[in-house]
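None of the figures in this text is laboratory data; all of them are computed from the coordinates on show. Keep in mind that what you see is a predicted model, and the values were worked out from it rather than measured. Positions of Cβ are generated from backbone atoms using ideal geometry, with glycine treated the same way; all protein chains shown enter the neighbour counts.
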Amino acid sequence: MIVISFYHYLLFHTLIELFSIFIGIGIFVFAINSLKKNEESGNFYLFIGIFYGGVSLIDLFHTLVFKGMSIFTGLTVNHSAQFWIISRMIEALALFSSVLFFYKIKKIKSWIVLTINFFFIFFAIFSVLVFSFFPDCYIEGQGLTAFKVYSEYVIILILLSSFFILRKKRKEIFKSFNNYVEYSLAIFFTIAAELSFTLYVDSYGIFNMLGHIFKLLSFLMIYQSVLKNLLKRPFEKLTLELEKSNLRLQEDLTEIQKQYQEIVQNINDMITIVNEDGIVLFVNNQSYHFWGKTPEEYIGKIAFDFVYSEDREKTMNAFQNWKKDSFESIQFENRSILNIWTLWNIKLLRKNGQLRFFPIAKDISEIKQYQEELQKEKTIALEANQAKTQFLSNMSHEIRTPLTQLQR
């Protein structure tokens, strides 16, 4: 850009001003769009963003009427300088107001700030272009007017006041030291730009060039500060909250898994997982009760080896039939290797072409014993009933025999 200024200053001026204008409009757009997402710092940057949008529009007029543009007839360097002074004054007042009291306001009504901003824009247009009552800032052949120079000094004074207030209240205004540095640099570069514009005589001179470079740097610093607060920091905060949420979720899942494992391992029933080849993949602590060994001793072994020998063939045949048939659950009874009667509730899961059996074993030895005792008592009762019937039959025969003889 500096090289361009030596070869074609008008091109340099147009490009650097357009860069600044685009940055200012970007600040405005970010502030407006991010208002509802950033309630903590959104009000402060909403105020700054709206006013930088207005400043950029006035800077556009300054660019379009600059010396050599020849876009509007009858407009001179003086008009360009007038737009410059109005724009810089609005910028200085916005920075001053933001650090003085606007950072304290919890809720800013955007329409009020927009109304004030539009008032300044219309004031600039009407005072310079329509009614022409704004004081002259540049006179051809003489250079800057006293009004222009003193206005720059007033702007510098306002900016210096903003800087000292900012330094005093930085912990109240900014949560990040980097934001404080960026905002301070923005004010510093704006002051440097204004000092440069008090010294230039030629609109194409070196001090005019330096002033525009400092102004661009100032806008970049504001843009960086706004970008971090309204875009990067919320995303960083959201990412941190998501990480914390994921960590809490992981902890909850770990706790649930732990509780689940405790339930599975301490339940009275034996829970197993068996693949389609009959290999034991998992068994809980109740294996010791049913099979006489710890779970580790059964993993990878054939499940049928732990079935009572007399029930083994029946169980293996049933297992082969289960693999062929489609069922969700089934019940099956057999005896374990320790001769414990077991009721199996078996779930079958088919996934990715693989079969998994989820048998849950319940000890029904007491039920079986009760059934056997009941059967024995029933047998005894039947035998007693038959004996009684036989006794009564014999007695009836013995009684009838003498009576028959007497009747003869």
Dipole magnitude (debye, nearest 20) for region 266-363, charges at Cβ of Lys, Arg, Asp, Glu: 280
Between 0 and 90°, nearest 10: helix 233-266 axis offset from the chain longest Cα axis: 10
Hits among aspartates and glutamates - C-alpha to C-alpha of LYS215 under 13 Å, sequence gap 8 or more where chains match: GLU17, ASP59, GLU91, GLU194
Degrees, to the nearest 10: 42-64 long Cα axis against longest axis of the chain: 40
The chain, relative contact order in percent, only Cα pairs under 8 angstrom and at least six apart counted: 11
GNM result for the chain, Cα springs below 10 Å: residue of SER97, SER184, SER365 fluctuating most strongly: SER365
Fewest-first sequence of LEU343, LEU338 by Cβ atoms within 10 Å of each Cβ: LEU338, LEU343
Magnitude of the charge dipole, the chain, Cβ model with Lys/Arg +1 and Asp/Glu -1, debye to 20: 780
Links that overshoot a 24 Å alpha carbon limit, given the list LYS324/LYS351; LYS168/LYS228; LYS324/LYS368: LYS324/LYS368
Ranking of SER161, SER56, SER329 by count of other Cβ atoms within 10 Å, fewest first: SER329, SER161, SER56
Most mobile listed residue (GLU251, GLU243, GLU276) in the chain, GNM with C-alpha springs under 10 Å: GLU276
Charge dipole of the chain about the Cα centre (unit charges at C-beta), most positive-ward option of GLN265, ILE112, SER365: ILE112
Rounded tilt (10° steps) of 206-227 against the dominant C-alpha axis of the chain: 20
In range of the label at ASN321: residues from region 273-313 whose backbone nitrogen is under 16 Å from the point 7 Å along Cα→Cβ: 311-313
Residue with peak Gaussian network fluctuation, the chain [Cα springs, cutoff 10 Å], from GLN82, GLN265, GLN320: GLN320
In region 210-290, trypsin sites (Lys or Arg not before Pro) in a DSSP loop with at most 10 other beta-carbon atoms within 10 Å: none
Spin-label proximity, GLU366 to region 263-303 - amide N less than 17 Å from point 7 Å beyond Cα toward beta carbon: 267-270, 289-290
Nearby aspartates and glutamates by direct alpha-carbon distance to LYS244 (threshold 14 angstrom, same-chain neighbours under 8 apart not counted): GLU236, ASP252
